[in-house]
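Chemist: Once you've had a glance at the structure underneath, I'll fire off some questions.
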Amino acid sequence: MSKYWIGLLLVSSGSLHALSFEHQDWEMACDNTHTCRMAGYQAHDDAPVSVLLTYPAGHAAKLSGKVRMPDAPVQATLWINATPYGVLDFKHDQAHLTQVQIQALLTHARQNMHIELRQGSRIWRISDRGLSAVLLKSDEYQRRVGTASALLAKGKQPLSQVRAMQAMPKYRINHYVPAQAQHYALNTAQAKHIVSSLKNRHQRKIVHCFGSIKMVQN
C-alpha cells in the first residue's frame with residue numbers, strides 16, 4: 001500500500017515541515033506550528049491499513065487519531081494483544097479513534113504489540129514496528145520528555161518547558177489585483193480571436209472538446 005498519510009505529514013494545511021523521521025513501518029513529521037503527526041502502516045503483505053496520530057503543541061493539547069483503509073466496512077473492532085477496545089465507525093474509508101483506543105496504543109507502545117481491526121472473518125493488521133521510536137521523537141521535538149504530557153517518556157518535569165503552539169504563517173502578496181473572468185461561447189468573434197492569439201503567441205494546438213476550449217501542448 002502506498003503511504004497515504006505521507007503528504008499530510010510533510011506538508012499539512014500549507015505549513016512547512018520542521019522535522020521528519022521514519023523508522024521501520026512508522027513515520028512522523030512536525031510542522032512549523034510545532035504540531036506533530038505520526039503514521040503507521042500494515043506490515044509486509046498484509047491488507048492495506050494505516051493509522052494517523054496528531055499531537056498539537058502546548059502542554060494542554062490533546063492527541064487525536066484516525067484509521068484509514070480502502071474499501072473499509074461500516075464498522076470494525078480494534079483489538080490490541082487479543083483484547084477488544086471498541087468499535088470504529090467508518091465513513092469514506094476513515095474512522096476516528098476514541099481516547100480509550102488511543103491510550104491503549106500508548107500504553108502498549110513499548111511492548112511487542114499486535115494491533116488488529118476485525119470485522120467478521122476479515123482482519124487488518126497494523127505494524128507496531130517503529131511506533132515507540134516516532135512517539136519518542138515527537139516528545140523530543142515538542143520538548144515533552146519528562147513531563148506529564150509526554151506520549152512515551154513521562155515524568156514530573158515542569159510543563160512550562162513544552163513547546164507552545166505557533167500560529168500558521170500568513171503570506172501577503174503586495175499589489176495583488178484579482179482578475180475578472182470573461183466567458184465567450186464557441187464560434188463567437190471574441191472566442192475566435194482568443195484562439196487565434198493563443199496559436200500565434202504560444203504555438204500550441206487548440207482543440208475544441210465538449211463545447212469548450214482546451215489547450216494541448218505540442
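We did not get these values from a lab; they are worked out from the coordinates using the rules stated. A quick note: this is a predicted structure, and the numbers were derived from the prediction, not measured. Using ideal geometry, Cβ is built from the backbone for each residue, glycine included, and neighbour counts are taken over all protein chains shown.
Chemist: Of the listed peptides 86-98, 123-135, what is their order by residue-averaged count of other C-beta atoms within 10 Å, with the highest listed first? Show your work: numbers first, answer last.
Modeler: Details: 86-98: 15.5, 123-135: 20.8.
Sorting 86-98, 123-135 by mean packing, highest first, produces 123-135, 86-98.
Chemist: Would you please name the trypsin sites (Lys or Arg not before Pro) within the stretch 135-190 that are DSSP coil residues with at most 11 other C-beta atoms within 10 Å of their C-beta? Provide the component values of the computation, followed by the final result.
Modeler: Numbers: sites: Lys137, Arg143, Arg144, Lys154, Lys156, Arg163, Lys170, Arg172; in loops: Arg143, Arg144, Lys154, Lys156, Arg163, Lys170, Arg172.
Within the stretch 135-190, the qualifying trypsin sites (Lys or Arg not before Pro) (loop, at most 11 other Cβ atoms within 10 Å) are Lys156, Lys170, Arg172.
Chemist: Can you give the local net charge around Ala72? Use residues other than it whose beta-carbon is closer than 11 angstrom to its beta-carbon, Lys and Arg +1, Asp and Glu -1.
Modeler: On the way: positive: Arg68, Lys91, Arg122; negative: Asp71, Asp89, Asp93.
Net local charge, Ala72 excluded: 0.
Chemist: What does the highest-first list of 106-112, 182-188 look like by mean Cβ count within 10 Å? All intermediate terms of the calculation are to be shown ahead of the outcome.
Modeler: Values: 106-112: 13.6, 182-188: 9.0.
Ranked by mean Cβ neighbours within 10 Å, highest first: 106-112, 182-188.
Chemist: Counting only C-alpha contacts under 8 Å and six or more residues apart, can you give the relative contact order of the stretch 6-161 as a whole percent? Write out the running numbers ahead of the final one.
Modeler: Details: 339 pairs, mean separation 30.8, N = 156.
RCO, the stretch 6-161: 20 percent.
Chemist: For Arg144, what is the net charge nearby, where nearby means another residue's Cβ is under 14 Å from its Cβ and Lys, Arg count +1, Asp, Glu -1?
Modeler: Working: positive: Lys62, Lys137, Arg143, Lys154, Lys156, Arg163; negative: Asp139, Glu140.
Within the 14 Å Cβ shell, the charges total +4.
Chemist: Please report the net charge: other residues with Cβ closer than 14 Å to the Cβ of Arg110, K and R +1, D and E -1. Numbers along the way, then the final one.
Modeler: Working: positive: Arg129, Lys154; negative: Asp128, Asp139.
That sum, taken over residues with Cβ under 14 Å, equals 0.
Chemist: Label-point separation (nm) for Arg172 and Ser20, each offset 7 Å from Cα along Cα-to-Cβ?
Modeler: My value for the distance between the label points is 3.1 nm.
Chemist: While we're looking at this one, here's another question. Take the alpha carbon atoms of the stretch 45-72, find their center, do the same for the stretch 119-152, and report the distance between the two centers in whole angstrom.
Modeler: 10
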